[in-house]
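Data block below; observations after.
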Amino acid sequence: MLGKLKPQCLQCMMSAHSSDPIEAALSTLHNCLGIREGHAMCKTPTGSECVKECSPCVAEKDAKTTSGKSCDTCGKCVLYLPCLPKGKGGKTAEKKAQVVVSDSTEQIVEEVKKDTGHDSSDSGGGGCFPATAVVLSEGGHHIKMADLKIGTKIHAGGHRNDRVTNFIHVERDEEVTFLRLITQKGTLELSPNHLVFVKAADGTRTSQLAETVRTGDMLLHRDGLAEVAAIEPFKSRGLYAPLTGSGELEVNGFSTSCYASFPSHTAAHAVMLPLHYLPANSGGVHWYVRPWQHMYEAAQWLMAKF
């Protein structure tokens, strides 16, 4: 969607620093990737929906969406702020940033936030899996996250095998709070801000943050749909976020994304394309990923502000 990134674009992203997370994020989007009103990314289904529905929410303080809904429903549109049309007085909509996101979350998510002392970025801004989470190799062998290596072919969902090309984030000794999604087909363990695939209301596959999953939601498992019966937090030492060519992987049999924080798996997969070809992560958050944390920080800033 964003096309191939040139070396000068990578350099631009690495230099996008600002004390204001909104400014840093927009600098990356505008100057490095050229994303602004009318960009191809804005014309994707999610981008188009955001532009159509949420434009009023950045124009007036107490506005409703185009269809008359609460602006709380526009939380997923943070990534698409540059797509929104210019506001009154010549100021861009993103400068006004009157996007309101829902502050009503399940008690379990609030417990995680209180327990960690901050929000779902407790793993350093990247969503991850615990060391004990299991993937299945091409040969059918179970491999724990702590033992997974770059180059290994693993099940990536949909009866596909995919090669691990890098690690977005690796912390072997850090203790982190994860969520455990319990179903009749087993449990999926991952950080609250990690993307997981679920069955949407219209029957299609969609991705959403683990912290937004509710009991009764249907996760996608290699043996079929798995209804979430319970959700609980737990602490574990070590966190791992492997990257595959498709941006997807099966963890404990469940279909998940390799990505976190961004509300769109498709957008995240596009911007992470260069990471497949960059040197292996030696620990922590991969240096290439750090500029994209500006986007996550911007989202968190907006949620705290409004």
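Overview of results
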quantity	calculated
Phi to ³J(HN,Hα) by Karplus 6.51 cos²θ - 1.76 cosθ + 1.60 over the range 169-177, Hz, x for Gly, Pro	8, 9, 9, 7, 10, 7, 8, 9, 8
Label-reachable residues, the range 259-286, where backbone N falls under 15 Å from a point 7 Å from ILE150's Cα toward its Cβ	273-286
Flagged links, alpha-carbon separation over 25 Å, of LYS43/LYS153; LYS149/LYS185; LYS144/LYS185; LYS43/LYS199	LYS43/LYS153; LYS149/LYS185
Among 165-178, 189-202, the order from most to least packed when residues are scored by Cβ within 10 Å on average	189-202, 165-178
Using a Förster distance of 22 Å, the FRET efficiency for SER67-ARG205 (Cβ separation, nearest 0.05)	0.35
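Throughout, read-outs are computed from the coordinates displayed, never taken from laboratory work. These numbers were taken from a predicted model, which means no experiment stands behind them. For neighbour counting, all protein chains shown are included, and Cβ atoms are generated from backbone atoms with ideal geometry for every residue, glycine included.
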